[in-house]
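Student: Pasting in a structure now, in structure tokens, and then I'll have a few things to ask.
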Amino acid sequence: VLKKPIVIATWNHGLAANKAAWEILKNNGPALDAVEKGVRVSESDENNRSVGLGGLPDKNGMVTLDACIMNHENECGAVGCLTDIEHPISVARKVMEDTPHVMLVGQGAYDFAIEKGFPKVDLLTAEAKLEWENWKASEDLKKPAINCENHDTIGMLAMDAEGNISGACTTSGWAYKLHGRIGDSPIIGAGLFVDNEVGGACATGMGEAVIRIAGSATVVELMRHGKSPQEACEIAVKRIMNKHKNMEGLQVGFLAMNNKGEVGAYSVYAGFNYAVTSVDNHELIDAGYEME
Ligand code: SD4
């Protein structure tokens, strides 16, 4: 059990993101601000090929971003297939706060972002463009590759000094996906779910598989019924494995926190890790897994 405030986030890049979130949490700031500020670090990191600026494009060479955010009052906002905007998480927050809706996609999400004053940014870096060109040129890579490098969405959960939990999730999704494809990351209940009476969960990996079991909502419901965050993540991973005949290359990881300050994580394959930051911690932890 960790002492609040606490912030946890997926993968190595979670460490830098947590640091930004911690600046808010340590000053008794709200979890919602912390998760937004936190994941913006990954969105701006050009070297991260699967979130925001510098993310790998879809099959057509377009970078399309998915994100969602949820607070302790079950308010939520999301954007899907958003182009040319560096911070989809902040657009998602605006959808939550300034509209009666939860989710905007594509052109409508872009127009909304521009109207709200977000600058237009070319998200396809020279390096990402080159990787896409190489992918196009190589015949045997015509299928989207499913691996860990390709699946490092950032999902973040924070509990502030008041004990309120918020979460954020943001990604450029599956590299070389079909144009228009949306994964789990902007879908409330799939890539992210928070219920302040229980806790929160987020997911990374192959979004199609996460959606099929309503992944993050499932983890939260398991915690509601008494499972620890660790047990809940393990059950959700096993359920995914039960629902798929072929698990080859199908990586999924869940990360969860309950309102007591316990955290847990689990993945199908080895390699998933997460960053934990609180007053006493700032470290990366390897998640448990089912298969090598
Ligand atoms: C998705 N879960 O779009 C995200 C992918 C991910 O890099 O983790 N991607 O399916």
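Student: Only one of 211, 235 is open to solvent by 20 Å² or more (accessible area, probe 1.4 Å), under 14 Å from the mean Cα position of the chain (by Cα) and of a type in the set (Val, Ile, Thr); which?
Tutor: Just one listed residue meets the conditions, 211.
Student: While we're looking at this one, here's another question. Looking at residue 205, is it surrounded by fewer than 24 Cβ atoms within 10 Å (Cβ to Cβ) and either basic (Lys, Arg) or touching a residue at least 60 places away in the same chain (Cβ under 8 Å) (or both)?
Tutor: no
Student: So, one more: Which pairs do you get when a residue that is free of Cβ contacts under 8 Å to residues at least 40 places away in the same chain, found in region 4-22, comes within reach of a residue that is open to solvent by less than 30 Å² (accessible area, probe 1.4 Å) and in a helix (DSSP H, G or I), reach meaning Cβ atoms under 9 angstrom, with the pair 6+ apart or on two chains?
Tutor: Filtered contacts from region 4-22: 16/38; 16/42; 20/34; 20/38; 20/39.
Student: Go through region 1-50 and give me each residue that's farther than 17 Å from residue 284 by Cα, hydroxyl-bearing (Ser, Thr, Tyr) and crowded, with 19+ Cβ neighbours inside 10 Å.
Tutor: Listed by number, the list holds a single entry, 50.
Student: Then there's this: Which pairs do you get when a residue that is in a helix (DSSP H, G or I), found in region 94-112, comes within reach of a residue that is of a type in the set (Lys, Arg), reach meaning Cβ atoms under 7 angstrom, with the pair 6+ apart or on two chains?
Tutor: From region 94-112, the pairs are 94/116.
Student: Can you name the residue in region 214-231 that is away from the ligand (no atom under 13 Å from the Cβ) and hydroxyl-bearing (Ser, Thr, Tyr) and, of all such residues, is surrounded by the fewest Cβ atoms within 10 Å (Cβ to Cβ)? Lay out the reasoning, then the answer.
Tutor: Our first condition is that a residue be away from the ligand (no atom under 13 Å from the Cβ); within region 214-231, this holds for 214, 217-231.
Checking the rest, the ones that are also hydroxyl-bearing (Ser, Thr, Tyr) come to 218, 228.
On the way: 218: 23, 228: 17.
The residue in question is 228.
Student: Return yes or no: is residue 218 in a helix (DSSP H, G or I) and within 19 Å of residue 169 (Cα to Cα)?
Tutor: yes
Student: Follow-up question, since we're still on this one. Any idea which residue in region 183-201 is farthest from the ligand (Cβ to nearest atom), counting only those that are under 13 Å from the mean Cα position of the chain (by Cα) and outside any strand (DSSP E or B)?
Tutor: Once the filter is applied, the top-ranked residue is 189.
Student: How about region 251-271: which of its residues are modelled with pLDDT under 95 and open to solvent by less than 10 Å² (accessible area, probe 1.4 Å)?
Tutor: 251
The values are calculated or read from the model by the stated rules, or taken from the named source; none is laboratory data. As the structure is a prediction and not an experimental result, all values here were calculated from the model. So basically every Cβ, Gly included, is an ideal-geometry build from the backbone, and we count neighbours across all protein chains shown. Surface areas here come from the heavy atoms of the whole protein model, side chains and all, with no ligands, DNA or RNA. Shrake-Rupley method; radii C 1.70, N 1.55, O 1.52, S 1.80 Å.
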